[in-house]
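Asks: Quick one: the structure is below, questions incoming.
Values in this text are rule-based calculations from the coordinates and carry no lab data. Because the structure is a prediction, the values reported are computed rather than measured. For neighbour counting, all protein chains shown are included, and Cβ atoms are generated from backbone atoms with ideal geometry for every residue, glycine included.
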Amino acid sequence: MAINIPKIENPKDFFLFHDGLNNISFDLDFCITKKYRCRANCHMCYIQNDWVDDENFYKYVPTSVPTGDQLKKLFEIFDYYDVVSTIDDLKYLKDNHPDLFNFYREYGERFSISSMTDNALFRHVEVIENDIKAKGITEISFSERFMKRVPIERILVALDRIQKKIQIQKIKIIIMPDCDNTESIRQLSDWAQQCGVELQKHLEFVAGIEAKLDQKDQYLLDLEDAKKHESTVYTEENGEIYPIHSEVLFLMNDGFYSELKSATSAHRSVPFASIHDFDPVEFLPKVLAGKIKDYGRYVHQIKNKTNPYFLYFEYVTNKIRVNENFNFIPYMLLNTRSRYYQQLIASGKMVETGKGLLNAKMSPADPIVSLIDISR
Ligand code: SF4
């Protein structure tokens, strides 16, 4: 889910109000395989260098689908989310792992379908028409480069076929500096409007993108709005991206990751938590520790040490401490309207105090994070 959040001015406030436990407040992205692998081969794919190669991918393909206690645990976790999306390449599963694909035939209605970008549109049309009855489609993204290459009529026919089966919630257009697709974008916007589908424009993750857009049709592309949507990702000159983990968690079969690159690469990191010992309260400090560990890696990798993102990642890594034995979650750390927040209360695990959530059996309040230097 993309959200508009302000630029980082004060790292402490940004962490407390816009990062914190925000990544459990929205969607949960799920794969039945233990690592993410997509064969759509999109030109703009920012994780294309992270894939596990085909010869080794079998190591991450489970030998059976979740059943019994594992399935029960999975659905218990899903119950803490409004939206659980599959990001599996369903066409690949259908062709190569029919047993895993059957899991989605059976339980498709528990999932939305997400992560459909460019070529993935055409890979999914027949699966959606013939095999899987999902809740909806969270989002389909089109890069301008793709729209330049593929006739808009072909895209609209595919969208029509999908929309007849399940509701597409959002279309996202990735604005790129070196393309001019005014007419295609106009037609796609008209289609979205007629079908009641939200349309958003985002900027490509490239360094200095805003300065490169002068020649664009500012009005048609709604560039002022588009700029706001990209405020949680920092891109270095070498193209490497460093996202703030404020939007989504990734559950790869039974392991949780904070970032898609870790959920994809064989070497980048191990899961920060597992479903097998999932407890909704004990999970929370693990979520925070997982993102702080990733930020610590970013601090070592980012070359430009003066940009606000570097300073933010450095601040969180050095100044925020996670308290595993907490009994209090300050209200600003976890979206009070999120299902996770509501479920903690409904299950009786925590109670609302007006200042946050408290485990009523323990006192005094011991917060889930402490700030080593609160003056900054
Ligand atoms: S659909 Fe997404 S993950 Fe798959 S290749 Fe395209 S951009 Fe990459």
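Asks: Just in the stretch 246-311: which GluC sites (Glu not before Pro) are loop by DSSP and have at most 15 other Cβ atoms within 10 Å?
Replies: Details: sites: Glu247, Glu259, Glu282; in loops: Glu247, Glu259, Glu282.
Sites meeting the loop and neighbour criteria: Glu282.
Asks: While we're looking at this one, here's another question. With just the Cα atoms defining each centre, how far is the stretch 299-369 from the stretch 101-165? Give it in Å.
Replies: 35 Å
Asks: So if we plug the beta-carbon distance of Glu76 and Glu237 into 1/(1 + (r/R0)^6) with R0 = 45 Å, what FRET efficiency do we get, rounded to 0.05?
Replies: Working: r = 44 Å, r/R0 = 0.98.
For R0 = 45 Å, the calculated efficiency reads 0.50.
Asks: Could you give the length gained by full extension between Gln187 and Glu324, i.e. 0.36 nm per residue of separation minus their alpha carbon distance, to one decimal place?
Replies: Net length gain for the segment: 44.1 nm.
Asks: Also: Work through the residues other than Asp50 whose Cβ is under 12 Å from its Cβ and net out their charges, Lys, Arg +1 and Asp, Glu -1.
Replies: Result for the local shell: +1.
Asks: To continue, here is another question. Among 284-293, 57-66, what's the highest-first ranking by average C-beta atoms within 10 angstrom per residue?
Replies: My ranking of the peptides, most packed first, is 284-293, 57-66.
Asks: Percent antiparallel among DSSP beta bridges with both residues in the chain, to the nearest 5?
Replies: 35 percent
Asks: Taking other Cβ within 10 Å of each residue's Cβ, how do Met147, Met44 sort, fewest first?
Replies: With the sparsest Cβ surroundings first, the list reads Met44, Met147.
Asks: Related question: Compute the signed sum of charges (Lys and Arg +1, Asp and Glu -1) over the other residues within less than 14 Å, Cβ to Cβ, of Tyr92.
Replies: -1
Asks: Right, another one. Mind putting a number on the dipole of the stretch 296-361 about its Cα centre? Charges go on the C-beta only, +1 for Lys and Arg and -1 for Asp and Glu, and I need it in Debye to the nearest 20.
Replies: Here the size comes out at about 120 debye.
Asks: About the Cα centre of the chain, what is the dipole size in debye to 20, counting +1 per Lys and Arg Cβ and -1 per Asp and Glu Cβ, all else neutral?
Replies: Using only the charged Cβ atoms, the result is roughly 460 debye.
Asks: Find the relative contact order for the chain and round it to a whole percent, using C-alpha pairs within less than 8 Å whose residues are 6+ positions apart.
Replies: 22 percent
Asks: How large is the Kirkwood hydrodynamic radius of the chain, counting all unique pairs of alpha carbons, in Å?
Replies: 21.9 Å
Asks: Net charge near Tyr298: determine it from the other residues with C-beta under 14 Å of the C-beta of Tyr298, scoring Lys and Arg +1 and Asp and Glu -1.
Replies: +1
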